[in-house]
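Asks: Structure incoming, see below.
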């Protein structure tokens, strides 16, 4: 099976934990104990679910980046339990965006409903059993509102900015947190071809300690609305072309508002790392959030809702851009 054909926006992050303490004789490293790291993020929008297992490691000195060993656990037996059924995960190798390969476990037959409980159990060859459970977000009845705003109210029409609202009807016992984002979809003409590109819009810009202007992107929230100020939208639009004087070669298609609904297991990790990445990412320096019994890692779930929003043509033209036409 060619798993590259099944692209999805998933979080699959390996948390590598280092046990460091300070003793009376200033020994900065305690005795190393091997641990396992299980990560499985349930995507409620697809039947394809993925998991990875790796090992913690120790190095000479204090720089973890010098490790060159393969930390992947390739002989585990992983089962997911849902709705009275058991899903045994198979193993495969996938190609990452950077050309590297990752060994993962997967199933192509599990798509849980909102507000349902799943559990996972991973058996390692040395007898270690990793366990966890999660309840999917209550996402089935989410709507954007008011409809006249999101369907007719194009970006740039309001000179103050863009405010987006959403709600979950009958929100009793709602367990979801939200991670919103706004993406500008555009095309750049290169050698006679229109190349599709994306621009992620920050929530705001700020000045770093060294005076550099940096973007700050939306974070996990319990709120049901978000506002992108017109000054932020303007700066993001200017950054699309930068110093390129060929503004007419930039063709703006639309914007895409994406709203991730995260369960209460996944949201704390996103809050500590403030990342929600594609692919199979190994992060060496994140805080040690874990909800895995007998090990480390995260077992969580999410859904994604998307909303396409048009641009005001006059607003596009004010930057020298044109509206994309297929």
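Asks: Please return the ranges of strands (runs of 3 or more DSSP E) entirely within the range 75-130 where 3 or more residues are over 20 Å from residue 295 (Cα atoms).
Replies: Where strands (runs of 3 or more DSSP E) fall fully within the range 75-130 and carry at least 3 residues being over 20 Å from residue 295 (Cα atoms), they are 85-88, 90-95, 101-107.
Asks: Another one. Run down 87, 82, 106 and say which single residue is within 18 Å of residue 42 (Cβ to Cβ), at pLDDT 85 or above and in contact with a helix residue (DSSP H, G or I) (Cβ under 9 Å, 6 or more places away or on another chain).
Replies: So the residue among 87, 82, 106 that is within 18 Å of residue 42 (Cβ to Cβ), at pLDDT 85 or above and in contact with a helix residue (DSSP H, G or I) (Cβ under 9 Å, 6 or more places away or on another chain) is 106.
Asks: Continuing with the same structure: Exactly one of these conditions fails for residue 251: (1) in a loop (DSSP other than H, G, I, E, B); (2) over 26 Å from the mean Cα position of the chain (by Cα); (3) surrounded by 16 or more Cβ atoms within 10 Å (Cβ to Cβ). Give me its number.
Replies: Of the numbered conditions (1) in a loop (DSSP other than H, G, I, E, B); (2) over 26 Å from the mean Cα position of the chain (by Cα); (3) surrounded by 16 or more Cβ atoms within 10 Å (Cβ to Cβ), the odd one out for residue 251 is (1).
Asks: Next up: Which of the following residues is within 30 Å of residue 158 (Cα to Cα), out of contact with any helix residue (DSSP H, G or I) (no Cβ under 7 Å at 6 or more places or on another chain) and modelled with pLDDT under 90: 268, 326?
Replies: That would be 326, the only listed residue that is within 30 Å of residue 158 (Cα to Cα), out of contact with any helix residue (DSSP H, G or I) (no Cβ under 7 Å at 6 or more places or on another chain) and modelled with pLDDT under 90.
Asks: Anything in the range 138-150 that is within 23 Å of residue 227 (Cβ to Cβ) and modelled with pLDDT of 75 or more? List them, or say none.
Replies: 143, 144
Asks: Looking only at the range 271-317, filter to residues that are at pLDDT 90 or above and assigned to a helix (DSSP H, G or I); which one of those is surrounded by the fewest Cβ atoms within 10 Å (Cβ to Cβ)?
Replies: 314
The values are calculated or read from the model by the stated rules, or taken from the named source; none is laboratory data. Being a predicted model, the structure only gives us computed values, none of them experimental. Quick reminder, even Gly has a Cβ in these numbers, built from the backbone with ideal geometry, and neighbours come from all protein chains shown.
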